[in-house]
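What follows is calculated from the coordinates using simple rules that are stated; it is not laboratory data. All of these numbers come straight from a predicted model, not from anything done at the bench. Neighbour counts are summed over all protein chains in view; Cβ atoms, including those assigned to glycine, are modelled from backbone coordinates with ideal geometry.
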Amino acid sequence: MSQGDDIILEITPRVLLKAYACGIFPMAEAADDPGLFWIEPEIRGIIPLEQFRIPKSLKKTMRKEPFEVRIDKAFDRVVEACAASAPGRGKTWINDRIKRLYSDLHTIGHCHSVECWQDNRLVGGLYGVRLGSAFFGESMFSRVTDASKVALVHLVHRLIAGRFRLLDTQFTTDHLKRFGAIDISKEDYSELLYDALQDEADFFPYDGGGTSDSILQSFSQTS
C-alpha cells in the first residue's frame, strides 16, 4: 500500500467520494490518532458478486433465523461498534474524524449499514460506501457468533438484486476468502471501478432486510 502525507485540511463528504472514485480511501493509524492518510493498495481485495459463496455451516445458522436484519436503522452505532476494541482486535483504525465523515456520507445517502438485531439488541453488522454501481465495504463487527457473516450475506444479496457490479473489500482475509474474496492488481481494480462508476445501482431494491429463506433460495438458484 502507499501512504501519503496526513490530511491536514478537513475533507468534505464530496471530496471523499471523489477519492473513492479514484480508488483511494482514508485510514488512521489508531483510534486516538487525529490524523488521516490516503491508502491506495497495490493489491486490492474484492468479492466477485457472481462467485459469492456461503459456507455450509452458515447456511444452517441462517435457516434458524437467529437475527432480524435491518438496513440503516442504527448507522452511527454500527460505526461505533466497528471502532471498538474486541477480542483479538485491540487496535482499530477508525478515529473520530472517520466517524464524522462517514456519518455525513450516510446523511447524504452514500453510506449504508446492514445490521443484525437479536431481542432488540444490535449484535452485529457492517457499513460501507455506495457510489455508482460500486459498494466499498469498510468494516464489520460481531457481538454474537456469525452476526457479521449473516450481515455480509444480506449485503451481497441486496447488491445483486440492485444490479451492483463491484464489491470492494479493500483487502482480503482468510475469513473473507471463505465467501469468495480474491486479490487483484491495482490496474485490474481500476478497470473494474471505472466500469462500475458508469452505471447507477439501487441499494433498496426491496423493503426491509429480506428473509434468510428467500436469500438462501436465491443463491441456490444462481450457484
Going Cα to Cα from Lys99, which lysines come in below 22 Å? Please leave out same-chain ones fewer than 8 positions away. Lys18, Lys73, Lys91
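Given an 8 Å cut-off on Cα distances and at least 6 residues of separation, report the relative contact order of the chain as a percent.
Details: 400 pairs, mean separation 57.5, N = 223.
Normalised by residue count, the contact order of the chain is 26 percent.
Would you kindly calculate the mean projected area, averaged across all directions, of the convex hull enclosing the Cα atoms of the range 64-125, in square nanometres?
Values: hull surface 19.7 nm².
If you wrap the Cα atoms of the range 64-125 in a convex hull and average its projections, you get 4.9 nm².
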Magnitude of the Cβ-charge dipole (Lys and Arg +1, Asp and Glu -1) of the chain about the Cα centre, nearest 20 debye, reported as 960
Taking the Cα centre of the range 96-223 as the origin, how large is its charge dipole in debye, to the nearest 20, when only Lys and Arg (+1) and Asp and Glu (-1) carry charge on their Cβ atoms? 360
Once exposed loop GluC sites (Glu not before Pro) are cut out (DSSP; at most 13 other Cβ, 10 Å), longest piece of the chain: 43-199
What is the spin-label model distance, in nm, from Lys56 to Ser220 if the labels are put 7 Å beyond Cα along the C-beta direction? 1.5
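Convert 25 °C to kelvin, take the viscosity as 0.890 mPa s, use the Kirkwood radius over C-alpha pairs of the chain as Rh, and evaluate the Stokes-Einstein diffusion coefficient in µm²/s, rounded to a whole number. Before the final figure, lay out each step's value.
Values: Rh = 17.7 Å.
Calculated translational D: 138 µm²/s.
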Exposed loop chymotrypsin sites (Phe, Trp or Tyr not before Pro) only (DSSP loop, at most 15 other Cβ atoms within 10 Å): please give the longest stretch of the chain free of them, not including the sites. 1-170
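Using the scaling law 2.2 N^0.38 Å as the reference, what is the normalised Cα Rg of the range 169-215?
On the way: Rg = 14.7 Å, N = 47, 2.2 N^0.38 = 9.5 Å.
It is 1.55.
Per DSSP H run of at least 4 residues, take -39500 (n - 2.57); add these up for the chain, divide by its residues and hand me the 222 nm value, nearest 500 deg cm²/dmol. Let's see the in-between values first.
Values: 8 runs with 79 residues, N = 223.
Using -39500 (n - 2.57) per qualifying helix, the result is -10500 deg cm²/dmol.
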Calculate how many DSSP beta bridges within the chain are antiparallel, expressed in % of all such bridges and rounded to the nearest 5. 90
